[in-house]
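What follows is one structure encoded as structure tokens, with my remarks underneath.
The values are calculated or read from the model by the stated rules, or taken from the named source; none is laboratory data. What you see is a predicted model; the values in this text were computed from it and never measured. FYI the Cβ positions are ideal-geometry reconstructions off the backbone, even for glycines, and counts take in every protein chain you see.
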Amino acid sequence: MGGDPANPQVIEFMATLDHLGIDRPALVEVAPGNGPAALGRGEVDAIVALVDALPRRRRQAGTDLRAIRIGRDDVYASGVIAGDHLPDELVAKVRAGVVAALEAQRGTPESGLTQLADRYGDDRTDDAPEGWRMLQEFVFTDVPTGSMDAGTWATTLEFLCRARGLPMPAPESVYRPQFLQAPVTQ
């Protein structure tokens, strides 16, 4: 497995293997951004990446790759973190905006590619629509997009704190209980 041992994705991947009772692979330290090239040269057999990165990593490696799902459905993998000083109304608007943006992206995955190219000035836009299509099954599930669950928060915090050697905070200290219910879609 190629990667940076300090990379949060690598740390969480290794902790997931521990949780699942799977032996950790040997970790070959690879500088950030060099994983695909190391795969292509055969220096490593795998790297940690989210599924939406597969099309770009495949192209960068110059060889066929496949996504292998080794994860946990009982922890949160992404979200938005807002300052605790923000009023509830603003937090609710931001959450609704993120949900609306995800729904819009689902409807027209090619939208925003010009802005992406302008912002990053590289070739990642060629792979973005395929990566988005691969990611959608994890974004749009039977659980409403933008919703939260107290039990999942507790499990997520326990997992991440153990993985990173941090003390476990009270779960309710990282979210506002009034936002646990599913967001109202318009």
> V51 versus (1) in contact (Cβ under 8 Å) with a residue 60 or more places away in the chain; (2) more than 24 Å from L135 (Cβ to Cβ): which is the lone unmet condition?
Replying inline: (2)
>> Conditions first: (1) of a type outside the set (V, I, T); (2) part of a loop (DSSP other than H, G, I, E, B); (3) surrounded by 13 or more Cβ atoms within 10 Å (Cβ to Cβ). A92 passes all but one, so which condition is the exception?
In response: (2)
>> I'd like to know if the stretch 31-41 contains one or more residues that are within 26 Å of M134 (Cα to Cα) and among the charged types (D, E, K, R).
In response: yes
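Between T63, T155, which is surrounded by 12 or more Cβ atoms within 10 Å (Cβ to Cβ), within 25 Å of I11 (Cα to Cα) and at pLDDT 90 or above? Explain how you work it out, then say what you get.
On the way: T63 fails: within 25 Å of I11 (Cα to Cα).
Answer to the check: T155.
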> Restricting the search to the stretch 26-50, which residues are in a loop (DSSP other than H, G, I, E, B) and either touching a helix residue (DSSP H, G or I) at 6+ places or on another chain (Cβ under 8 Å) or of a type in the set (K, R) (or both)?
Replying inline: L27, V30, R41, V44, D45, A46, V48, A49, L50
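Kindly indicate whether R124 is among the basic types (K, R), surrounded by fewer than 15 Cβ atoms within 10 Å (Cβ to Cβ) and either over 15 Å from D73 (Cα atoms) or modelled with pLDDT under 85 (or both).
Working: among the basic types (K, R): yes; surrounded by fewer than 15 Cβ atoms within 10 Å (Cβ to Cβ): no; either over 15 Å from D73 (Cα atoms) or modelled with pLDDT under 85 (or both): yes.
So R124 fails the test.
Can you work out which of the residues in the stretch 63-80 that are more than 26 Å from M148 (Cβ to Cβ) and touching a residue at least 24 places away in the same chain (Cβ under 8 Å) is farthest from the chain's Cα centre (by Cα)?
T63
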